[in-house]
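Okay, so here's the structure we're looking at.
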Amino acid sequence: MLFCMAEIESDEPSVLDVGIQDRVPLPKMGLFGLQHLLALTGIWIFPVLLGSALELSNLEVSHIVQACFLLTGIVTILQSSRIVRLPIVQGPTAAFFAALLVAGATYGLGTAFGSMLVAGVVFMLLSIPIGRLGLLGHVRKFAADPIVFGTLFIIIGAQLASIGLPGWFGVQGTPGYGWSSFWVGAVVVLVILACMVFGGNTLFKRGAIVWGIIAGSVLALAFGLWSPPDLSDAAFVGVPTLFPFGFGIAWPVVVLMLLAFLQAGAEAMGMYTLVAGWGGEKLSLNRINRGLFTEFLGTSIGSLFGGIGTTSYPENVGIIRVTRIGSRFVTMAAGVFALALAFLPQLSLFIAGLSGAVLAAASTVLFGIIAFSGVQMLRRVVWDDLNITVAATSFIVALGGQWIPEDIVATMSPAVQSVLTTPMMLGVVMLIGLNIIVNFGIRPMLARRRTDDPQPAVAPTPPEAVAE
């Protein structure tokens with residue numbers, strides 16, 4: 001069954017003081033746009049963690065940072081202005097981060113980004129916003145079901161946990177390795193938590209991850225555990241580098257990236273629906289497909305420069321809900337800021353050279369937030385036996401795939417290995433597959449059976465039997 005409603009309306013009431021199509025004064029637009037930019041934690045963390053895991057140089061990591069700013073800026077401006085016309089902010093997502101981590105370690109980043117480009121073109125074709133050609137909008141009910149991406153967020157958070165706490169100690173063999181770095185990491189987490197708890201509705205709360213990184217970096221610098229990178233290797237102003245890691249294509253990696261695009265698309269459709277509902281706007285399938293097409297186009301272009309694939313950021317949707325300011329012109333300002341930063345290579349190089357222990361500590365909080373964002377989504381699920389079957393089976397099997405015996409894994413093709421040993425990839429396949437089978441196949445069948453075979457009427461109990 002396809003989801004073919006002409007328009008989608010959220011159950012959420014309109015909750016905004018400043019509507020989606022309303023303008024705000026220029027100073028406030030800049031301030032609130034900066035708030036949205038600080039919430040894009042993936043730009044500050046994912047590229048450096050990717051570089052650390054794949055042993056990239058600071059200059060190579062800076063290319064990824066610069067490309068992420070470029071990709072975020074272009075797509076956010078398009079989404080907010082002309083395309084989906086919603087206050088949507090794009091940013092690097094954990095799905096593409098995990099996919100690049102796996103593919104980069106096996107095939108190299110040139111092949112990882114090249115394969116991302118191919119997968120992006122495939123998804124662009126699936127979401128062409130012409131009439132009813134965009135297929136992804138029609139499968140929204142399957143892919144964007146809360147049980148699917150809610151459970152998937154928990155799986156992603158659990159998969160990335162290994163990057164968090166172990167990294168607090170720094171890198172073995174470096175001067176800062178050991179308990180000194182650990183205590184700096186602990187301070188980072190305390191600062192982030194303090195900003196989140198006591199920051200109110202201010203920049204301190206929205207930029208909690210960034211403030212934690214700043215505090216940790218200052219502390220690490222003071223104790224001689226970290227020193228800023230040499231910025232002379234980069235120009236003050238410059239354009240992002242085309243094909244910084246070369247270019248290649250491997251079909252197992254294309255499959256991996258297709259699954260990442262599927263997850264990103266499912267999350268984006270959920271965010272579109274939620275935000276449109278808050279603003280009291282109707283969301284047509286063509287509008288959804290326009291937004292998805294732009295996201296996939298942006299990620300495809302970004303892959304040419306080494307940018308981590310994006311999706312609509314839940315953190316920025318949270319900002320809209322808390323501030324009650326839904327103006328798409330504010331998120332457009334955030335996109336302009338990001339685009340401007342994309343042409344400052346020295347800033348990207350500085351971010352690339354941040355302390356690994358500090359970023360590992362910050363990522364611990366970030367990955368926890370990702371996991372429990374999934375828990376929040378799952379509140380809307382009715383937990384009967386059928387839904388428990390879908391979520392519980394997918395969750396435990398997806399995580400268990402990491403420990404399949406190596407001799408068994410060696411007998412598989414690279415494509416199968418990539419899916420079975422990557423929790424995020426195996427999770428999204430199982431969740432969507434089981435959700436379709438159980439909730440769109442078995443559940444209606446059981447409902448029809450109950451309707452066709454009503455329980456026989458029970459004879460009333462004789463009065464004398466009650467008396468006895």
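Near Gly91, the amide H atoms lying under 5 Å from its own belong to Thr311, Tyr313; only residues 5 or more places off or on other chains count, and H is placed 1.01 Å from N. Peptides 189-199, 117-127, 83-93 ranked from most to least packed give 83-93, 117-127, 189-199, packing being the mean of other C-beta atoms within 10 angstrom over each peptide's residues.
Under 5 Å between amide hydrogens, built in the peptide plane, is the criterion, and for Phe305 it picks out Phe243 among residues at least 5 positions away or on other chains.
Here the calculated FRET efficiency for Arg82 and Ile404, from their Cβ-Cβ distance with R0 = 45 Å, stands at 0.45, rounded to the nearest 0.05. As a size descriptor, the averaged projected area of the C-alpha convex hull of the chain was calculated at 29.3 nm². If we count every other residue with Cβ under 15 angstrom of Thr421's Cβ, Lys/Arg +1 and Asp/Glu -1, where does the sum land? After counting each charged neighbour, the total is -2. Using Cβ point charges alone (K and R +1, D and E -1), the dipole size of the chain about the Cα centre works out to roughly 1100 debye. In the chain, the portion of solvent-accessible area held by carbon and sulfur atoms comes to 68 percent [1.4 Å probe, whole percent, DNA, RNA and ligands not counted]. Each peptide in 355-368, 390-403 was scored by the mean count of other Cβ atoms within 10 Å over its residues; highest first, the order is 355-368, 390-403.
Computed from the C-alpha gyration tensor, the three semi-axes of the ellipsoid equivalent to region 383-443 are 26, 11, 8 Å, from longest to shortest.
When the helices of the chain are scored as -39500 (n - 2.57) per DSSP H run of n ≥ 4 and the total is divided over every residue, the value at 222 nm lands at -20500 deg cm²/dmol. Counting charges near Leu193 (Lys, Arg +1; Asp, Glu -1) among other residues having Cβ under 15 Å from its Cβ returns a value of +2. Probing with 1.4 Å while keeping every protein chain in the model, the per residue accessible area of the chain equals 43 Å². Packing, as the average of other Cβ atoms within 10 Å across residues, places the peptides 421-428, 371-378, 237-244 in the order 421-428, 371-378, 237-244, highest first. Inter-label distance, Ile437 to Val15: 3.6 nm, where each label sits 7 Å from its Cα along the C-beta direction. Proximity of backbone amide H atoms, modeled 1.01 Å from N, is registered between Leu283 and Ile8 at under 5 Å, excluding neighbours fewer than 5 places apart on the same chain. Working from label points 7 Å from Cα in the Cα-to-Cβ sense, the Phe243 to Asp385 distance is 5.8 nm.
With K and R counted +1 and D and E -1, the other residues having a Cβ less than 15 Å from that of Ile308 yield a net charge of -3.
The values are calculated or read from the model by the stated rules, or taken from the named source; none is laboratory data. Keep in mind it's a predicted model, so treat the numbers as computed, not measured. Cβ coordinates were reconstructed from backbone atoms using ideal geometry, including for glycine residues, and neighbour counts include every protein chain displayed. What goes into the accessible areas is simple: the full protein's heavy atoms, side chains included, and nothing from ligands, DNA or RNA. Shrake-Rupley method; radii C 1.70, N 1.55, O 1.52, S 1.80 Å.
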